Structures are given as structure tokens and as C-alpha cells.
Amino acid sequence: MMALWEFQYIFHNTSGLSVTLGLLLLGLLYWYSVRPFSVLSRNGIKHPKPLPFFGNLFMFRQGFFNPLNDLIKTHGRVCGYYLGRKPVVVVADPEMLRQVMVKDFSSFPNRMSLRFITKPMSDCLLMLRNERWKRVRSILTPAFSASKMKEMVPLINTATDALIKNLDAFAESAEAFNIHKCFGCFTMDVVASVAFGTQVDSQNNCDDPFVRHAQLFFSFNFFRPIMLFFAAFPSLAAPLVGIIPNKKRDDMNHFFIRTIQKIIKQREEQPPEQRRRDFLQLMLDARTSDESVSIEHFDTAHPVGEAHNRSEQNQDNQVGPQERPQMKMITEDEIVGQAFVFLVAGYETSSNTLAFACYLLAINPECQRELQKEVDHFFTRHESPDYTNVQELKYLDMVISETLRLYPPGFRFAREIERDCVVNGQSFPKGATFEIPAGFLHRDPEHWPDPDKFIPERFTPEAKASRHPFVYIPFGAGPRNCVGMRLAQLEMKMALVRLFRRFNLLACTETKVPLELKSSSTLGPKNGVFVKIERRHWDESQVNSPSED
């Protein structure tokens, strides 16, 4: 009897202790789950109520484009949300953005860090930080100069030839087709040729190993259970990402690393005059070149001496023109990383913009006729498009600019807040992410009358001069703007000038108006862009450019 009593006493005390420990553990877990969610409020930044562990992550299950716009309309031009445990400050005030992206750049020098990335992505310009980023960017910027872009023209022309041939087949069939898919193949060919030194024909061979491995990258889904776990417990992401097996990721990474390393070895064995002139070769040349630039020349969108009072900005910029150029050196891993960033940043962005431009011109036939008039006049003066002469196509430039206003592929981008700071009276907490909502700014009715209408004339020199420069930032701004902007514009212009010289694009019953959009990463058409295409009534000898003969 005594033994039974002792057992009950021990069991009662043990179970009581277990309950206490259990409650304590639950309390700690709850404290952990909500602890970061006072950061924004303490800095006077309005935000929707976050959920424990996940913050406001589930707001974005269907993409970021519309929820971000709704967030700003509800909570104001300086607002925020929690991406998992990470506080994010969203700023839609153009003057504050100018301050952050240019004048106070030293407080916001890095993009948002991701704990779970691996090579070669971790070595690409988008992910590099501080001095390492400066060094690599100082080497890459000269590789995108006008003179270097001229060397890319033959490579882009080869891909454009295949595009025009495929579009010709659709014109022959007279059936509706997904032109977005055609442009996806075209930009894949350009990326493979320019960045990887590899000739592929993804427009006719979808099973090419390069195409298959590239598509693995774009099948990524943030809302997988493992990614949600990392959002809730970010400190575990870095150690676990190297342990948890991921065959698709590893196959893709190894394929691109091996591809580049093999080509580098081949190039080093070739005499200089036999080496293919592509971006990969420009990077290899940069290892022994003396050419580099300092940080105030990194902004390719607004070069020193052009608009936006650059002299005033350089005066205020804490990393101004007195800074010396970075020491020249780029490693093989970094070369592989920069080739990979072409795929990440140059494939979907360009194909989406080309598809959106064709959609807008198909549903606005008067704008299409205006463009064709300019293109026809262009071919009375030039045999074929190149880097220099496409700059004459002012209306085409306005069409592309207006397309990027309505549908910017990079509709949101971010900087890390390096230290506690105050900008224009607003405090920003160290460690939070500073987000720039380009998609909202581009349709802000305060700056754009009839913001949802396609009006290329918004981009005449006079109209541009009358607007605040930071309400239109499709390629970013400041030293961390898009280094490949010139190449992207050249690629798009060369494709469109050839297309509209030969074809008319027609909206049809399969053309969805308005388009459904996807926006989990870049902004793109959710279900493609379906149109019909017909040959223009030209004599064939008039239409063909030399590269097609």
C-alpha cells in the first residue's frame, strides 16, 4: 500500500513538472513567433496584423503585384509588412527613394540577403555584398559599354533569325499562338549565346540540356513546406540547406558550373583572335585588362553628366567621385556567377517585356501602325539594325518604355537597411528590408494621368523632363541599378524592329483583355499572350535584311 502511494506521489509530481515545462516551452515558442513584430510599429510604420511565425507571408500566395498595391493604398506611401520574421518597409515616395538609392547609398548598399542560396547563384552580382560587390561591379560595368554592345549584335541577330523564321510559320498557319513562348525561346538562345558561349536552338529543340537545366531554376516555388519552415526559422536555413538533399538544384548547379569551366578551358587554349566575342570572353579579358570604373559611374541608367542633377547627387553621395576604382581581379567562381545571373535576370525579364509589348500593340493597332511607319522609314536608311542605328528609333523606344511602365518585370526590388537611420523625417530600423514598389509608382495617378492606358507619348523628351525621375525605375536607379540594361534594350529593339518590318500582330478571340498576371518573382503573363500574326504586303526583296539572306 505504501509503495502504491509513493508511486502516485512521484507520478503526480513528475506529470506536474512536465506540464510546467510544456507550458514554458509553448510560452517561449509563442514569444519567438511574435517577438519581431513590434519593429515596424516602433518606427511609426503602419502594417497589416502579422500571424505568428509567418508574419504577412500568406498575403502573397497569389503573387506580390496586386497585394503590394493594395497595401500602399490602405496604409500609405510609407508602410510595411513581415515576410516571415523579417520586417519589410515599403516606400512609394519618389523623393525619399532618390535619397535612399543615390544620396544615402552608403546606408543601403546591399540587396536583400538570402540564407539558402548556393553556388553559382551566391557568386552572382545580385547576391554580392559591400566591397566584393564593388570590385566585381567595377569590372563588369565597362563590359556593358556601347563599344562592347556592338560586339554582341551578330549573336543577337542569329537568335533573331530563328525567331523570325518561327513567326513566319505561325503566319502561314493563320492560327492563334502564344507569342510569349516564342520570346521565351528567343531570350533563352540569346542568354546561352551571349553569357554561356553556347549555341542552342531552344526555339526548335526544347530537349537541349541547357534549356532543360535552365527551366529547373524557374520552376522554384516559395510556398513549398520547406521554404515556409525557413521563413519561420530563418537561422536554420543556412546550416540545413547544405544537408537536406536537393537533386534538382544540385544537378542544375553542377551543369552550369561544368559548362562554364569547360568553355573557359577551351578559350584559354585558343589563340586570342579565334576566341568568340561574347560576354563570357569579355569577363575573361577583364582578368588582365586595366579597365574598371569607380562607383559613381555604376548607374548605367543615368550616367554622370546626364539628367537628374547628377552633380548635386554626387556632392551629397557619401561614396562620391573621389573614390578610387576598385582593384582589378575576378575569380573563376565569380565569372561562373555572372554568367548565371544572365539567366536569372535576363531570361524572363526580356521575354516578358517583349510579350507585353506585342500584346499592347495588338490591342492598340493605331500605335502599331505608327511604329511600323517609323520602322519602314528606318529601312530606307539602313540595311539592318545594329547597336548604333536602333538608337534612331524614337517611337520604338517610347513603346518599350511605356510597356515597362505598365508591366515592369522587376516590379519590386529591395535594399537592406545597414544601420538605424532617418530619411526625410522617417526612421528606418537596422536589419529591416527596404522595398521599392516600382509597379505601384509606374501606375501612380498622382504622376501618370490615365495610368492604365497605353500611351507611348508619355516618353517624349518634354514629358520625361516634366516628371520626377524616380516615378519610373524599371531598371532600378543609383549604383545598384541593372548593369545589363543596355544589352536588354538592344535585344528587345533588334527583335521588335525585325518583327514589325515583316509582320502585323492581331488581337483575336483567344487574346485575354485584360491579361492575367503572375508575380511571385518577376511580373509576367500568367497564361501566355495569344495573338494572330500575318505577313505584311511587301515584296520579299524589300523585307529581308542581310542576315536573313
| task | For Ile455, indicate whether it is open to solvent by less than 50 Å² (accessible area, probe 1.4 Å) and either within 27 Å of Ile164 (Cβ to Cβ) or touching a residue at least 40 places away in the same chain (Cβ under 8 Å) (or both). | result | no
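Every residue, every condition in (1) in a helix (DSSP H, G or I); (2) at pLDDT below 95; (3) open to solvent by 30 Å² or more (accessible area, probe 1.4 Å); (4) within 18 Å of Leu487 (Cα to Cα), yes or no:
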position	(1), (2), (3), (4)
Gln368	yes, no, no, no
Phe379	yes, no, yes, no
Gln391	yes, no, yes, yes
Pro409	no, no, no, yes
| If you go through region 453-467 one residue at a time, how many are of a type in the set (A, V, I, L, M, F, W, C) and farther than 18 Å from Tyr407 by Cα? | 2
| note | Counted residues in region 192-220 being closer than 18 Å to Met121 by Cβ, in contact (Cβ under 8 Å) with a residue 40 or more places away in the chain and buried (at least 19 other Cβ atoms within 10 Å of the Cβ) come to 4
| Which one of these does Arg419 not meet: (1) surrounded by fewer than 18 Cβ atoms within 10 Å (Cβ to Cβ); (2) more than 19 Å from Ala495 (Cβ to Cβ); (3) modelled with pLDDT of 95 or more? | (3)
| message | For the list (1) open to solvent by 20 Å² or more (accessible area, probe 1.4 Å); (2) free of Cβ contacts under 8 Å to residues at least 60 places away in the same chain, I need the number of the one condition that Ser122 fails. | response | (2)
| note | Reported set for region 254-276 where residues are more than 19 Å from Phe210 (Cα to Cα) and either assigned to a helix (DSSP H, G or I) or of a type in the set (Phe, Trp, Tyr) (or both) is Arg267, Glu268, Glu269, Pro272, Glu273, Gln274
| message | If the requirement is being at pLDDT below 70, of a type outside the set (D, E, K, R) and buried (at least 19 other Cβ atoms within 10 Å of the Cβ), which of these qualifies: Gln322, Gln313? | response | Gln313
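Would you say Ser521 is modelled with pLDDT under 95, open to solvent by 30 Å² or more (accessible area, probe 1.4 Å), of a type outside the set (Lys, Arg) and within 30 Å of Lys134 (Cα to Cα)? Explain how you work it out, then say what you get.
On the way: modelled with pLDDT under 95: yes; open to solvent by 30 Å² or more (accessible area, probe 1.4 Å): yes; of a type outside the set (Lys, Arg): yes; within 30 Å of Lys134 (Cα to Cα): yes.
Criteria met by Ser521.
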| remark: Residue set Ser202, Ser235; condition among the small types (Gly, Ala, Ser) and outside any helix (DSSP H, G or I); output residue Ser202
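Output the number of residues of region 49-88 satisfying the condition of being touching a Cys at 6+ places or on another chain (Cβ under 9 Å) and farther than 25 Å from Arg224 by Cα.
1
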| task | Please enumerate the residues belonging to region 405-446 that are free of Cβ contacts under 8 Å to residues at least 40 places away in the same chain and under 14 Å from the mean Cα position of the chain (by Cα). | result | Ala438
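How many residues are closer than 15 Å to Val399 by Cβ and either surrounded by 19 or more Cβ atoms within 10 Å (Cβ to Cβ) or not β-branched (Val, Ile, Thr) (or both) if we restrict to region 458-472?
Looking only at that region, the number is 5.
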| said: Quick test of your reading of the structure: Val211 fulfils all but one of (1) in a helix (DSSP H, G or I); (2) under 21 Å from Lys532 (Cβ atoms). Name the failing condition by number. | reply: (2)
| field | Residues within region 270-300 that are within 18 Å of Arg132 (Cα to Cα), within 24 Å of the chain's Cα centre (by Cα) and either hydrophobic (A, V, I, L, M, F, W, C) or open to solvent by less than 10 Å² (accessible area, probe 1.4 Å) (or both), tallied | value | 5
| task | Please name all residue pairs, on different chains or six or more residues apart, with Cβ atoms under 6 Å, provided the first residue is in region 508-524 and is under 14 Å from Ala357 (Cα atoms) and the second residue is assigned to a loop (DSSP other than H, G, I, E, B) and among the aromatic types (Phe, Trp, Tyr). | result | Leu523/Tyr407; Leu523/Phe411
| query | How many of the residues in region 165-179 are under 16 Å from Arg501 (Cβ atoms) and surrounded by 21 or more Cβ atoms within 10 Å (Cβ to Cβ)? | reply | 1
| If a residue has to be open to solvent by 100 Å² or more (accessible area, probe 1.4 Å) and under 30 Å from Val88 (Cβ atoms) to count, how many in region 18-27 make the cut? | 2
| query | Restricting region 473-508 to residues that are under 15 Å from the mean Cα position of the chain (by Cα) and farther than 26 Å from Glu131 by Cα, which is least open to solvent (accessible area, probe 1.4 Å)? | reply | Ala488
| field | Residues of region 52-87 classified as open to solvent by less than 30 Å² (accessible area, probe 1.4 Å) and among the polar types (S, T, N, Q), total | value | 2
| field | Thr187 buried (at least 18 other Cβ atoms within 10 Å of the Cβ), in a helix (DSSP H, G or I), hydroxyl-bearing (Ser, Thr, Tyr) and at negative phi | value | yes
| task | Inspect all residues belonging to region 132-140 and state whether any of them is surrounded by fewer than 20 Cβ atoms within 10 Å (Cβ to Cβ), under 18 Å from Val194 (Cβ atoms) and in contact (Cβ under 8 Å) with a residue 60 or more places away in the chain. | result | no
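The values are calculated or read from the model by the stated rules, or taken from the named source; none is laboratory data. Remember, predicted model here, so these are calculated numbers, not experimental data. Glycine gets a Cβ as well: all are built from the backbone with ideal geometry, and neighbour counts include every protein chain shown. All accessible areas refer to the heavy atoms of the entire protein, side chains included, with ligands and DNA or RNA removed. Shrake-Rupley method; radii C 1.70, N 1.55, O 1.52, S 1.80 Å.
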